[in-house]
Amino acid sequence: MHQPAPAPDLKQDFRGQLLTPNDAGYDEARRICNGMIDKRPAFIARCTGVDDVVLCVNFARMNDLLLAVRGGGHNLAGNAVCNGGLVIDLSRMKRVRVDPPRRTARAEPGLTWGEFDRETQAFGLATTGGQISTTGIAGLTLGGGWGYLARRFGLTCDNLLSVELVTANGEILTASAAENPDLFWGLRGGGGNFGVATSFEYQLHPVGQVLAGIVAYPLQKAREVLKLYRDFTNSSPDEMASGIVLITLPDGTAVVGIVVCYSGPLAEGERLVKPLRAFAPLLMDQIGPIPYTAAQQLIDGFYPSGLQNYWKSSFLKEISDDAIDILAAYCSKRPTPICHGLIEHQLGGAVRRADRQATAFAHRDVEYSFMALGVCVDPAEAAQCIAWAREFWEAMQPCSTGGVYVNYLGREADEGPERIKAAYGPEKYARLVALKKKYDPTNLFSLNQNIKPS
């Protein structure tokens with residue numbers, strides 16, 4: 001007669017570091033980059049390998065514990081930690097193996113993009129990754145993922161070859177085009193709904209020195225610069241990715257800043273950025289040939305860990321005159337200097353040309369993503385920043401496609417289930433629900449932009 005497996009003993013069997021509220025280092029381990037999030041798990045399990053992950057998943061399931069999964073990066077929405085439950089902390093799983101002849105890399109989920117890029121660039125290779133080096137590879141990839149290389153090589157998930165995953169029943173699966181292809185479809189955009197990803201295999205591409213940097217102009221010129229940026233992006237080739245931000249520099253200067261990264265021939269890049277350099281008055285021009293790893297760190301300083309962060313995002317149909325007027329108006333009355341409005345032009349190109357049905361990521365026809373970022377240092381200012389970001393976002397909705405990038409969604413309590421559906425559209429959302437029912441019917445993995453199994 002078959003005997004059921006004994007329940008795992010977390011304290012006895014776990015090989016990594018297990019932290020509880022009375023342990024030294026617990027408070028540091030429970031913090032994430034968003035200072036608005038303050039949660040106290042019962043256990044933080046810093047895993048050393050796949051066996052630790054399986055143990056934790058089985059322990060949480062058998063003990064009906066709330067389960068959170070933490071990778072190596074940001075998790076703005078706060079789903080990487082929980083109150084009273086178990087956090088599977090993957091941040092110490094950082095192995096990466098590059099295969100130069102095949103132009104592939106196998107990487108563990110605790111890596112940040114800065115760490116990943118350092119290893120692949122040793123061989124002159126890269127894949128599409130987030131444009132802040134402290135972003136974790138896992139969350140970005142599972143949500144779709146874009147950055148400076150997306151217009152040329154596709155989304156991060158378009159460059160994903162396989163995933164090793166621990167499912168809700170503690171099984172270790174490989175998902176790829178050849179194995180469990182239904183699951184592989186869902187992992188490319190569906191977030192952390194289907195299990196704990198313990199390794200990723202990526203397609204790499206030759207990427208050498210890039211032409212990248214920041215130019216900045218007075219905030220008073222916001223409308224003119226936004227129109228300049230619209231013209232610049234309308235004629236940008238696939239090798240050119242960029243973003244425009246209305247913010248205040250550390251020295252107190254309010255600016256409109258444009259960050260660019262061109263991965264094609266340097267001379268052509270210099271020609272393309274001439275209109276940005278010709279616009280006056282130009283307060284800053286830091287564009288030049290730099291390593292790709294340096295380009296990936298250009299805006300790190302604007303996103304340090306520990307700030308109070310509240311973000312609202314949408315895709316834009318275009319940079320219309322109405323959108324320009326709204327951006328200029330709201331960014332002239334920001335409640336703190338580090339609140340800002342942002343438009344990214346990292347879609348289109350190869351993202352649009354990819355197979356629409358191959359991944360759960362749904363928004364391949366858009367070119368621009370908009371964000372209203374309510375940011376402050378002092379928690380006493382947080383309510384004011386949240387109200388500003390919400391009002392700013394609402395004002396921009398007539399210019400929006402109605403869709404949103406799942407990785408830019410905040411807490412479900414703030415966003416609501418309809419916003420998660422808007423990240424996928426009705427057809428893909430229904431397919432994700434069926435997949436969730438198959439692989440996680442009890443919704444063990446509920447702390448994410450959650451797709452409920454019914």
Percentage, to the nearest whole number, of Cα pairs in segment 150-245 over 17 Å apart: 64 percent
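Return the equivalent ellipsoid semi-axes of segment 359-454 as a descending list in whole Å, where each equals the square root of 5 times an eigenvalue of the C-alpha gyration tensor.
Equivalent-ellipsoid dimensions as semi-axes: 28, 18, 10 Å.
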Express the Stokes-Einstein translational diffusion coefficient of segment 129-190 in µm² s⁻¹, to the nearest whole number, given a Kirkwood radius over alpha-carbon pairs, 37 °C and a viscosity of 0.692 mPa s. 269 µm²/s
Report, to the nearest whole %, how much of the accessible area of the chain belongs to carbon and sulfur atoms, 1.4 Å probe, protein only. 51 percent
Tell me, what is the Rg over Rh of segment 303-347, with Rh the Kirkwood radius over Cα pairs? 0.99
The ³J(HN,Hα) series, computed from each phi in segment 241-247 with the Karplus coefficients 6.51, -1.76 and 1.60 at θ = phi - 60°, rounded to the nearest Hz and given as x for glycine or proline, is 10, 7, x, 10, 9, 10, 7
Pairs over 31 Å Cα to Cα, from K11/K39; K317/K428; K227/K452; K39/K227; K11/K94; K317/K438, come to K227/K452; K39/K227; K317/K438
Can you tell me the orientation of helix 426-439 relative to the chain, as the angle in degrees between its alpha-carbon axis and the longest Cα principal axis, to the nearest 10? 30 degrees
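Keeping all protein chains in place, calculate the accessible area per residue for the chain (probe 1.4 angstrom), answer in Å².
39 Å²
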Working note, segment 71-125: Cα radius of gyration (Å, one decimal) and Dmax (Å, whole number) are 14.1, 47
For a quick check: with amide H placed at 1.01 Å from N, whose amide H comes under 5 Å from T104's, ignoring anything fewer than 5 positions away on the same chain? D99, L204
Karplus (6.51, -1.76, 1.60) ³J(HN,Hα), θ = phi - 60°, over segment 71-84, in Hz, Gly and Pro reported as x: x, x, x, 8, 6, 4, 6, x, 6, 6, 9, 8, 9, x
Take the alpha carbon gyration tensor of segment 1-106, find the square roots of its eigenvalues, order them as a ≥ b ≥ c, and report rounded if a/c is under 1.5; if not, report prolate when a/b exceeds b/c, else oblate. oblate
Suppose accessible area is computed on protein heavy atoms with a 1.4 Å probe; arrange M36, M240 from highest to lowest. M36, M240
Using the Kirkwood formula on alpha carbons, the hydrodynamic radius of segment 268-368 in angstrom works out to 17.2 Å
Just need the relative contact order of segment 317-450 here, percent rounded to a whole number, with Cα pairs under 8 Å and 6+ apart. 25 percent
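For segment 336-375, compute the orientation-averaged projected area of the C-alpha convex hull (one quarter of its surface), in nm². List each step's numbers first, then the result.
Values: hull surface 13.6 nm².
Average of the hull's projected areas for segment 336-375 equals 3.4 nm².
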Estimated vicinal HN-Hα couplings, Hz - segment 338-355 in sequence order (Karplus 6.51, -1.76, 1.60; Gly, Pro = x): 9, 5, 7, x, 9, 10, 10, 10, 10, 10, x, x, 5, 5, 5, 7, 5, 4
Once normalised by the length of the chain, the mean sequence separation of its alpha carbon contacts under 8 Å that are 6 or more apart gives a contact order in percent of 16 percent
R15 accessible area, 1.4 Å probe, all protein chains in place, Å² to nearest 10: 140 Å²
How high is the relative contact order of segment 158-226, in percent, counting Cα pairs under 8 Å that sit 6 or more residues apart? 35 percent
May I ask for the Rg/Rh ratio of segment 341-412, computed from Cα atoms with Rh as the Kirkwood radius, given to two decimals? 1.06
Cα convex hull of the chain - mean projected area over all directions, nm²: 21.8 nm²
Helical contribution to [θ] at 222 nm, DSSP H n ≥ 4, -39,500 (n - 2.57), averaged over the chain, rounded to 500: -7500 deg cm²/dmol
What dipole magnitude, in Debye to the nearest 20, does the chain give about its Cα centre under +1 on Lys/Arg Cβ and -1 on Asp/Glu Cβ? 380 debye
Express the Stokes-Einstein translational diffusion coefficient of segment 273-314 in µm² s⁻¹, to the nearest whole number, given a Kirkwood radius over alpha-carbon pairs, 37 °C and a viscosity of 0.692 mPa s. 242 µm²/s
Computed Rg/Rh for segment 168-220 (Cα atoms; Rh = Kirkwood radius) stands at 1.27
Scan around I287 for amide H atoms under 5 Å from its own, H built in the peptide plane at 1.01 Å from N, and keep only partners 5 or more places away or cross-chain. I214
Please list the non-local residues whose amide H lies under 5 Å from the amide H of V404, H modeled 1.01 Å from N, same-chain partners needing a gap of 5 or more. F315, A423
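The values are calculated or read from the model by the stated rules, or taken from the named source; none is laboratory data. As the structure is a computational prediction, the values presented were derived from the model and not from experiment. Cβ coordinates were reconstructed from backbone atoms using ideal geometry, including for glycine residues, and neighbour counts include every protein chain displayed. Side chains included, ligands, DNA and RNA excluded: accessible areas come from the protein's heavy atoms. Shrake-Rupley method; radii C 1.70, N 1.55, O 1.52, S 1.80 Å.
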